[in-house]
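To start, the structure itself, in structure tokens.
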């Protein structure tokens, strides 16, 4: 007989993850695929269908949770659009997955799912409200209040990465995403005069920002300036979140957070400078406890809530 589990799916700009897990957030099985952007959304759906077909021989699912990299309509399970992958506009992902899995499906923005996962199983389990932001291929934000994801008017959500720094149109993502930091690190490596020239070989294709921590440990002032500048920008943007929503904790995730403590500490130092006196020193800033599992575990958390919402006796999260 097939085992009954929860299915969590992360659909990102560069990676696709499907996990089988349970209501404790534990992952029992995982399939990770690289996204081929040239094949657009149809190629990703083909990958998803292949994995589900393989797993249906051994598993059935109580519910399916999805963390999607872009704005979605959580009420209908339709994708509004993807900022990075063509072919997702207005696609009924929830209905499509329900037919493949024969299970109820909930579709959330990936950062929303991650925020819920951190609030239940991770660095925000002792706080309310919880604000989570990821800096990776883009920058996102998710707010959880009283155990529930905050949803604005469809397809709104907490689009933190698209906050503007000025009237010219520069947004948080332009300065604080992993790709933005990678570009600065590559430029510094090419220019010379920095430890980064030794740490970042020519032709590196991404993830260069992760070398900032090693360069800073060697006392490299150029690496320090790159990290401090991006952290200051992110802290300035986070000050708006604090003034509007007053989270008890701010959690940092995404690829840039893998820099670790130097990234967290720089943001925590900068944030109070941009807060009105009444709100200083501001909430604690923490690194994600779930790391690279944050979206899959968040998707499982969404699926868990879906199961409990349709159970005969409603249980607290």
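Coordinate-derived values only; no laboratory data. This structure is a prediction, so every number in the text was calculated from the model and none was measured. Positions of Cβ are backbone-derived with ideal geometry, glycine not excepted, and every protein chain shown enters the neighbour counts.
Spread over its residues, the convex hull of the C-alpha atoms of the range 219-287 is 81 Å³ per residue. Beta-bridge orientation, the chain: approximately 50 percent antiparallel, per DSSP, counting only bridges with both partners inside. Between the helical axis of 178-191 and the longest alpha-carbon principal axis of the chain there is an angle of about 30 degrees.
Relative to the longest principal axis of the Cα atoms of the chain, the long axis of helix 261-270 lies at roughly 70 degrees. The packing ranking of peptides 56-66, 211-221, highest mean first, is 56-66, 211-221, where packing means the average number of other beta carbon atoms within 10 angstrom of each residue. Please work out the FRET efficiency for the pair residue 28 and residue 75, using the Cβ-Cβ distance as r and a Förster radius of 35 Å; give the result to the nearest 0.05. Once rounded, the FRET efficiency stands at 0.75.
Peptides 77-86, 296-305 ranked from most to least packed give 296-305, 77-86, packing being the mean of other C-beta atoms within 10 angstrom over each peptide's residues.
Per-residue Cβ neighbour counts within 10 Å put 46, 292 in the sequence 46, 292, beginning with the fewest.
Please state the shape class of the range 125-289: rounded when a/c is under 1.5, otherwise prolate if a/b exceeds b/c and oblate if not, all from the C-alpha gyration tensor.
Note, shape of the range 125-289 comes out prolate.
Residue order for 287, 97, 6, fewest other beta carbons within 10 angstrom first, comes to 287, 97, 6. Given (1) 0.93; (2) 1.30; (3) 0.98, which label gives Rg/Rh (Cα atoms, Kirkwood Rh) as computed from the coordinates? Of the labelled values, this structure produces (3). Going by alpha carbons, how many degrees (0 to 90, nearest 10) lie between the helix axis of 110-121 and the longest principal axis of the chain? The angle comes out at about 80 degrees.
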